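One structure is given below, encoded as structure tokens.
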Amino acid sequence: MSNLQKVTLQETVGGKTLSFQTGTLAKQAGGSVTVHLEDTAILTAATAAREPKPGVTFMPLTVDYRERTYAAGKIPGGFFKREGRPREKEILSARLTDRPIRPLFSEGWNFETMVQIIVVAADCKNDPDILSINGASAALMLSDVPWNGPVGAVRVGRVNGQIVIFPTFEERETCELELVVAGQKGAILMVEGGANEVSEEVMVEALEAAQREIDKICD
């Protein structure tokens, strides 16, 4: 698949339609993808330097996540008329994306690599942060970076005793368990979240439900 070839893929994840599209935006990037969950959408682009960075002893990866006000149909007002530095939510979302993708780069990779995520549409129901992990995975898979993906990610909640995949902001207010789970087919890479004293059985049920959906996303 080429970054210039227009392709759209869809999958039903947790009863919602998750779609990936490439070949429409950021065609000069190594790989670029728009990811849609209902009316929330992000643009993710991944690019690596052409020459290695000499003398580095770490993986030179930068993940930048930005939520623009225009995504919710708003324009900054008051004293600040433009977007400012990243807010705490944006920094934490960038780290959320960085953690599951960083270990999958080839050992010794010392080319500066940039993954840029921009929220282009927000329906104020679905949090775009979870889409950034899936978008970063797809963009890196399209690029020429030696990356051992793909990775899929879902947010799992337990609402009124039921496991919910991709819970909305409203549902998350009453969740007794909320997790962000990222992984590959048959393997979990990252779990982050919290719960209100749920049992081990409930935790295992949530992780198993997440793994089933992650497998579908990776496919």
Would you pick out the residues in region 1-54 that are within 14 Å of Thr113 (Cα to Cα) and outside any loop (DSSP other than H, G, I, E, B)?
Gly31, Ser32, Thr44, Ala45, Ala46, Thr47, Ala48
What residue, of Gln5, Gln21, is on the phi < 0 side of the Ramachandran plot and exposed (fewer than 15 other Cβ atoms within 10 Å of the Cβ)?
Gln5
Number of the condition not met by Val151 [criteria: (1) at pLDDT 95 or above; (2) in contact with a Lys or Arg (Cβ under 6 Å, 6 or more places away or on another chain)]:
(2)
Check region 138-154 and report whether any residue there is closer than 30 Å to Pro52 by Cα, surrounded by 16 or more Cβ atoms within 10 Å (Cβ to Cβ), touching a strand residue (DSSP E or B) at 6+ places or on another chain (Cβ under 7 Å) and β-branched (Val, Ile, Thr).
yes
Selected residue (criterion: nearest to Ser106 (Cα to Cα)) from residues of region 155-178 that are open to solvent by 10 Å² or more (accessible area, probe 1.4 Å) and touching a Leu at 6+ places or on another chain (Cβ under 8 Å):
Arg155
Thr97 meets each of (1) open to solvent by less than 30 Å² (accessible area, probe 1.4 Å); (2) free of Cβ contacts under 8 Å to residues at least 12 places away in the same chain with one exception, condition (2)
Taking region 115-137 and keeping only residues that are within 12 Å of the chain's Cα centre (by Cα) and open to solvent by 30 Å² or more (accessible area, probe 1.4 Å), one is left with Gln116, Ile118
Can you name the condition, by its number, that Val35 falls short on among (1) more than 15 Å from the chain's Cα centre (by Cα); (2) crowded, with 22+ Cβ neighbours inside 10 Å?
(1)
Can you find a residue that is of a type in the set (A, V, I, L, M) and more than 22 Å from Thr22 (Cα to Cα) anywhere in region 131-152?
no
Checking the conditions here, which among Thr47, Thr40, Thr22 is over 18 Å from Asp144 (Cα atoms) and in contact (Cβ under 8 Å) with a residue 12 or more places away in the chain?
Thr40
Of residues in region 38-47 being over 20 Å from Ala182 (Cβ atoms) and touching an Asp or Glu at 6+ places or on another chain (Cβ under 7 Å), the one surrounded by the most Cβ atoms within 10 Å (Cβ to Cβ)
Glu38
Looking at region 28-42, is at least one residue at pLDDT below 80 and touching a Gly at 6+ places or on another chain (Cβ under 9 Å)?
no
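The values are calculated or read from the model by the stated rules, or taken from the named source; none is laboratory data. Worth saying up front: this structure is predicted, and the values here are computed from it rather than measured. Methodologically, a virtual Cβ is constructed for each residue, glycine included, from the backbone with ideal geometry; neighbour enumeration extends over all protein chains shown. SASA here: full protein model, heavy atoms, side chains in, ligands and nucleic acids out. Shrake-Rupley method; radii C 1.70, N 1.55, O 1.52, S 1.80 Å.
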